[in-house]
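Below: the structure, in C-alpha cells.
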Amino acid sequence: MISTKILRPSVSIFGIAKTCSMSSRAPPKALLQDMVVPPRQLFGPGPSNMADSIAETQSKNLLGHLHPEFVQIMGDVRLGLQYIFKTENKYTFAVSGTGHSGMECAMVNLLEPGDKFLVVEIGLWGQRAADLANRMGIEVKKISAPHGKAVPVEDIQKAIAEYKPNLVFVCQGDSSTGVAQPLETIGDACREHGALFLVDTVASLGGTPFDADALKVDCVYSATQKVLNAPPGLAPISFSDRAIEKIRNRKQRVASFYFDALELGNYWGCDGELKRYHHTAPISTVYALRAALSAIAKEGIDESIQRHKDNAQVLYAALKNHGLEPFVEDEKLRLPCLTTVKVPERIDWKDVAGKMLINGVEIAGGLGATVGKIWRIGTFGINSNKTKIENVVELLSKSINETR
Ligand code: PMP
C-alpha cells in the first residue's frame with residue numbers, strides 16, 4: 001500500500017525547525033463553516049427548550065471536578081434532587097449520561113444472575129427495560145396493557161405475589177403512548193414479597209405527582225431534558241437504603257465500573273467517606289442541572305406539577321376546539337406534560353409535522369407501536385404555558401388543513 005504521508009518541516013514551540021510526518025488529508029469543508037443552529041420551539045417529547053437561566057450556565061468557565069466550589073455545586077444538586085424526587089435517600093445523585101444511563105445504572109446494580117425481573121409494560125420503555133435485562137441474561141416476565149391504557153394496579157400486585165420477582169420495573173410516564181401509570185400500592189406489594197421497586201420518571205418528573213418515599217420506591221431515575229429544561233446529559237437517580245443494602249450484599253460485583261452505584265455515590269459525596277476520583281463529571285451540564293433545580297425550587301415542586309396539570313387542560317380544550325382528540329381516552333391516565341393526539345383519517349402525520357417544523361415548531365410522531373397513529377406534544381417546564389400551547393395547537397390545525 002502506498003503511504004499518503006508526506007514529510008514537511010514544522011516549527012516546535014521552541015522555534016527550532018524539525019521534520020515531522022503529517023497527513024495530507026484535507027480538513028472537512030463543513031467544519032470550516034460556522035455551525036448553524038436555527039431557533040426552534042421544542043414541543044416534542046424532548047429535549048425541551050432551555051430556560052434562559054439554564055442556557056447562560058453553559059458559557060461559565062469550567063472548574064476542576066474535585067475543586068471545592070464544584071463539590072459544593074454537586075452538593076446543591078443532591079439537595080435539589082432529593083427535593084424533586086421527594087426522598088430522604090442518601091444515595092441521590094446524577095449519572096453522567098442521558099436517561100438510558102439511569103436505566104442501565106439501576107438495572108446493573110439491582111439485578112444479578114439468577115434474579116427474576118417483572119416489567120410493567122405500557123409502551124416502549126417497558127420493552128426497553130426487558131431488552132436490557134435480556135442482554136444481561138436475566139429472566140423477565142412482562143405484564144402489559146394495550147397502548148393508550150395502564151395496567152390495573154391490582155393486576156400488578158397479583159403478578160408480584162405469584163411471580164415473586166427480585167425487581168419490579170414501572171415507567172411512570174411512557175412517552176411512546178402518553179400514559180401515566182398509577183403507582184400507588186405497588187411499593188407495598190414489593191415490600192410484602194421481597195422485591196425492589198424501580199420507577200422510570202424520565203418523562204414525568206416535575207410534571208405529575210411523584211413521591212419516592214411515600215410510594216416506597218427503591219430506585220428512581222429521570223433525565224434533564226424534559227420538565228427540567230436543561231440540556232440532555234445527566235440522569236438524576238436515587239437509591240433507597242433497601243436498594244443499597246442489596247447492592248452491598250451482591251454475590252457478584254457490579255459488571256460496570258462506570259455505573260457502579262457505590263462508586264458513583266462516593267464520588268457524589270453520598271457515603272460520608274473521602275471522595276475518590278471516579279470519572280470526570282460533565283461540569284457544564286452539572287451547572288445546568290443546578291440552575292434547573294434552582295428554578296423548580298423557586299417555583300415549588302407542587303406548584304410546578306399543578307401548572308403542568310392546569311396547562312394540560314388548556315391543551316385538551318384547544319385540541320377539542322380544533323376537532324382533535326387525545327389518544328389516551330381516560331383523562332385520569334393522561335400524562336400532563338406529554339399529550340398524545342390521534343392523527344385524523346387520511347392525514348399524513350409526517351407532512352403535518354414537517355410543515356410545523358418549517359414554522360420553527362417541533363412536535364413528534366409516534367414511537368414504536370404508535371408510529372403513524374399519533375402526534376406527541378410535550379409541554380415541559382417553561383413550555384407548559386397557556387399562550388404557547390394555544391399557538392402550537394393553532395399551528396397544528398392550520399398545518400393539518402394545508403395537507404388536506
Ligand atoms: N424513559 C423514558 C420514559 C423516556 O421518555 C426516555 C427518552 N425519551 C428515556 C427513558 C430515555 O432517555 P434518553 O433518551 O435521555 O436516553
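Computed from the coordinates by the stated procedures, all read-outs in this text should not be read as laboratory data. Computed from a predicted structure; not experimentally measured. No Cβ is skipped: glycine too gets one built from the backbone with ideal geometry, and neighbour counts run over all protein chains shown.
Which aspartates and glutamates have a Cα less than 13 Å from the Cα of Lys86, not counting those fewer than 8 places away in the same chain?
Asp211, Asp213, Asp218, Asp302
Could you line up Ser304, Ser101, Ser256, Ser238 from fewest to most neighbouring Cβ atoms inside 10 Å? List each step's numbers first, then the result.
Details: Ser304 23, Ser101 20, Ser256 14, Ser238 32.
So the residues, fewest neighbours to most, are Ser256, Ser101, Ser304, Ser238.
Please compute the net charge surrounding Lys388, taking Lys and Arg as +1 and Asp and Glu as -1 over other residues with Cβ under 14 Å from its Cβ. Each step should come with its number before you reach the end.
On the way: positive: Arg40, Arg307, Lys386; negative: Asp310, Glu362, Glu390, Glu394.
Net charge around Lys388: -1.
Let a ≥ b ≥ c be the square roots of the eigenvalues of the Cα gyration tensor of region 21-87; is it rounded (a/c under 1.5), or, if not, prolate (a/b larger than b/c) or oblate? Before the final figure, lay out each step's value.
Working: a/c = 3.06, a/b = 1.54, b/c = 1.99.
Cα axes put region 21-87 in the oblate bin.
With an 8 Å cut-off on Cα pairs and a minimum separation of 6 or more residues, tell me the relative contact order of region 164-232 in percent. Show your work: numbers first, answer last.
On the way: 107 pairs, mean separation 21.7, N = 69.
Reported as a whole number, the value is 32 percent.
Taking H placed 1.01 Å from N in the peptide plane, check which residues at least 5 places from Ile374 or on another chain put their amide H under 5 Å from its amide H.
Amide H neighbours of Ile374, under 5 Å, 5+ apart: Val343, Gly366.
Of Ser238, Phe259, Val217, which is farthest along the charge dipole of region 186-273 in the positive direction, counting Lys and Arg as +1 and Asp and Glu as -1 at C-beta?
With unit charges placed on the Cβ atoms, the residue in question is Phe259.
Which lysines does Lys90 reach when only Cα atoms under 21 Å apart count, and residues fewer than 8 places away in its own chain are ignored?
Leaving aside lysines fewer than 8 places away in the same chain, those within reach of Lys90 are Lys216, Lys246, Lys275.
Output wanted: per-residue J couplings in Hz (rounded whole) for region 205-215, from phi through Karplus 6.51 cos²θ - 1.76 cosθ + 1.60, θ = phi - 60°, x for Gly and Pro.
In residue order, the calculated couplings are 4, x, x, 8, x, 8, 9, 4, 6, 5, 7 Hz.
So how do Val328, Val36 line up by other beta-carbon neighbours within 10 Å, fewest first? Intermediate results must be reported in sequence, preceding the final value.
Details: Val328 23, Val36 5.
Exposure proxy ranking, most exposed first: Val36, Val328.
Let me have the relative contact order for the chain, percent, based on Cα pairs under 8 Å that are six or more residues apart.
Details: 796 pairs, mean separation 86.8, N = 404.
Taking the mean separation of contacting Cα pairs over the length of the chain, I get 21 percent.
Quick check on region 85-151: take the gyration tensor over C-alpha atoms, sort the square-rooted eigenvalues as a ≥ b ≥ c, and tell me if it's rounded (a/c under 1.5), prolate or oblate. Each step should come with its number before you reach the end.
Working: a/c = 1.84, a/b = 1.27, b/c = 1.44.
Oblate, because a/c is 1.5 or more while a/b does not exceed b/c.
By the scheme Lys and Arg +1, Asp and Glu -1, what is the net charge of all other residues having a beta-carbon under 14 Å from that of Ala353? List each step's numbers first, then the result.
Numbers: positive: Arg40, Lys350, Lys355, Lys373, Arg376, Lys398; negative: Asp348, Asp351, Glu362, Glu402.
Result for the neighbourhood of Ala353: +2.
For a quick check: sort Leu118, Leu62, Leu124 by the number of other beta carbons within 10 angstrom, fewest at the front.
On the way: Leu118 25, Leu62 10, Leu124 20.
With the fewest neighbours first, Leu118, Leu62, Leu124 line up as Leu62, Leu124, Leu118.
Would you kindly state how much longer the chain becomes between Ala255 and Ala26 on full extension, computed as 0.36 nm times their sequence separation minus their alpha carbon distance, in nm to one decimal? Can you show the working numbers first?
Working: separation 229, 0.36 × 229 = 82.44 nm, distance 4.17 nm.
Once the chain is fully extended between Ala255 and Ala26, it gains 78.3 nm.
Kyte-Doolittle mean at least 0.5 and Cα extent at least 24 Å along the axis: which DSSP H helices of the chain qualify? Intermediate results must be reported in sequence, preceding the final value.
Values: long enough: 68-85 (25 Å, 0.57); 283-299 (25 Å, 0.84); 301-321 (30 Å, -0.76); 386-403 (26 Å, -0.40).
Span-like helices in the chain: 68-85, 283-299.
So in the chain, what percent of DSSP beta bridges are antiparallel if you round to the nearest 5? Numbers along the way, then the final one.
Working: 27 of 48 bridges.
About 55 percent, rounded to the nearest 5.
Averaged over every viewing direction, what's the projected area of the C-alpha convex hull for the chain? Give it in nm², one decimal, please. Mind dumping the intermediate values first?
Working: hull surface 103.6 nm².
Hull-based average projected area comes out at 25.9 nm².
How high is the relative contact order of region 81-150, given as a whole-number percent (alpha carbon pairs under 8 Å, six or more residues apart)? Present the calculation step by step, with values, prior to reporting the outcome.
Details: 62 pairs, mean separation 19.0, N = 70.
Result for region 81-150 is 27 percent.
Taking the DSSP beta bridges in region 167-233 as the whole, what percent of them are antiparallel, to the nearest 5? Walk me through the numbers before you get to the answer.
Details: 2 of 11 bridges.
Here the antiparallel bridges make up roughly 20 percent for region 167-233.
Which shape class applies to region 334-397: rounded if a/c is under 1.5, otherwise prolate when a/b exceeds b/c and oblate if not, where a ≥ b ≥ c are the square roots of the Cα gyration tensor eigenvalues? Provide the component values of the computation, followed by the final result.
Values: a/c = 1.95, a/b = 1.27, b/c = 1.53.
Oblate.
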